[in-house]
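Chemist: Okay, handing you the structure first.
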Amino acid sequence: MRLSKILLPVDFSARCDGAAHYARTLACRFHSDLTIAHVTELAQLVAAGGEIGVPASWYEERRAISKRMLEEFHSEEFGNIPVRRMLLEGDPARSIVDLAHAEKIELIVIPTHGYGPFRRFVVGSVTAKILHDTDCPVLTGVHMEATPPLAPIFFRRILCAVDFDSAGEKALRWAADFAAEFQARLTVVHALPSVEVGQARYFDQDLPIARRHDAEERMEDLRKQVGAAADTVLAPGSVAQVVHDAATAENADLVVIGRHDSPGVLGRLRANSYAIVRHSPCPVVSV
């Protein structure tokens with residue numbers, strides 16, 4: 001497992017504190033080069049506000065404030081590790097994706113965008129675009145902001161949700177390597193399709209059993225192909241709910257999923273990636 005370059009995008013909100021704690025933990029573990037980036041849209045705001053008399057000095061003042069906030073962001077927590085801090089301008093999601101591609105970042109750590117009782121139902125547009133457009137793994141989660149700033153983070157139990165396709169194989173390889181690094185217990189979960197009412201006729205009573213048997217064989221083939229020693233959970237239901245229930249039962253510290261762009265019959269997991277992130281009781285790495 002190599003995570004030589006980690007990127008932490010920040011907007012200085014409280015929800016970035018937990019993400020910073022995770023980024024620091026992983027950077028220390030893997031001796032990673034850590035980049036903390038903040039993206040401003042000041043130039044666009046100045047251009048748009050020209051007609052209403054925004055003074056030219058306002059841009060420089062606000063940029064200086066952003067630069068100072070970036071330099072001060074968790075300066076004590078990151079004081080003993082090398083950190084590069086970058087102030088960027090432009091569209092936040094596009095800027096982060098371009099930076100990740102240019103720098104060959106191997107992990108982006110970013111919180112979801114959600115507040116109060118609605119945090120479990122919202123994935124912010126910036127995070128969603130980064131999940132969709134970037135090539136590298138992305139670590140995010142709705143509960144990251146609740147992480148105590150000085151409490152140690154442990155990865156003792158890793159849950160990997162798979163479909164039986166290339167994304168599932170990639171996710172399981174990443175999860176197995178990560179679990180080996182931390183000597184963590186690895187569990188693989190797959191959501192079985194539910195049989196709708198009226199779908200199973202009297203001669204289809206064995207369909208759920210056949211589906212489970214097929215999934216067991218394919219899961220065993222996948223584990224052998226990857227060379228991963230892992231427990232297995234097979235359960236019917238929606239993907240997000242099955243993953244949530246398995247993560248809760250296992251008291252998982254991290255969920256790993258595969259990420260695809262294209263939908264399709266084999267895309268049950270990929271089509272539910274945002275739902276998994278929203279409902280997961282722990283952070284999620286999408287690979």
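Each value in this text was obtained by applying a stated rule to the coordinates, not by laboratory testing. Given the structure is predicted, the values throughout are model-derived calculations rather than measurements.
Chemist: Whole-Hz ³J(HN,Hα) for each residue in the stretch 88-100, computed from phi via Karplus 6.51 cos²θ - 1.76 cosθ + 1.60 with θ = phi - 60°, x for glycine and proline: what do you get?
Modeler: Values per residue, Gly and Pro as x: 10, 10, x, 5, x, 5, 4, 5, 5, 4, 4, 5, 4 Hz.
Chemist: Also: Can you list the residues, at least 5 places off or on another chain, whose amide H is less than 5 Å from the amide H of GLY141, using H built in the peptide plane?
Modeler: Residues meeting the amide H criterion: THR112, VAL284.
Chemist: Oh, and also: Name the long-range amide H neighbours of GLU89: under 5 Å, sequence gap of 5 or more, or other chain; modelled H, no Pro or chain starts.
Modeler: Placed amide hydrogens put THR40 under 5 Å from GLU89.
Chemist: From the phi angles alone, apply the Karplus equation (6.51, -1.76, 1.60; θ = phi - 60°) to the stretch 77-82 and give each ³J(HN,Hα) in whole Hz, x where the residue is Gly or Pro.
Modeler: Listing the rounded values in order: 5, 9, x, 9, 10, x Hz.
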